[in-house]
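Here's the structure, in structure tokens; my notes come after.
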Amino acid sequence: MKLNHFTELDSWQKGRQLVLVVYKLTSNEHFKKDFGLRDQVQRSAVSIIANIAEGFGAKSNVEYIRFLSMSIRSIYETQSHLYIAKDLGYISAADVQEADVLAEDCMHLCKGLIRYLNNKQVDPSITRST
């Protein structure tokens, strides 16, 4: 099945949900005043879907996998920042859990796509239209 746009990727859609949760959490009274942490967690969350989208336009599977790997690293970074926010009392454990579920789902989808690209050694055009 060919995909015509990166927004059709389940990993991008799940990552987008995570970005929305991060922005919601960072808008609370205490979190929004910590400019450094707020900006960093927002940037790392946006980086997740930006790298998925950028990888979609890659010319090779190796390059596509590199961008998906960067997305996974950004997921870990986002999760780490949210744990710090919880420790500082900006958000609750339930908030972290909500974000973690989305993050883990997005990571699972990225890793699945990486496995597919590695194992099948398919032409990139099979998974996306260029």
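Every number in this text was worked out from the coordinates using simple rules, so none of it is lab data. The model shown is predicted, which means the values in this text are computed figures rather than measured ones. Note that each Cβ is placed from the backbone with ideal geometry, even for glycine, and that neighbours are counted across all protein chains shown.
The residues Arg16, Arg73, when put in order of fewest to most other Cβ atoms within 10 Å, stand as Arg73, Arg16. The value of relative contact order for the chain, using C-alpha pairs under 8 Å at least six residues apart, is 38 percent. In this Cβ point-charge picture (+1 for Lys and Arg, -1 for Asp and Glu), the chain has a dipole of about 360 debye about its Cα centre.
Compactness of the chain, taken as the C-alpha radius of gyration over 2.2 N^0.38 Å, stands at 1.11.
Each helix, a run of at least 4 DSSP H residues, gives -39500 (n - 2.57); summed and divided by the residues of the chain, these come to -25000 deg cm²/dmol at 222 nm. Between Lys32 and Arg66, the modelled label-to-label distance comes to 3.9 nm, taking each label 7 Å out from Cα in the direction of the beta carbon.
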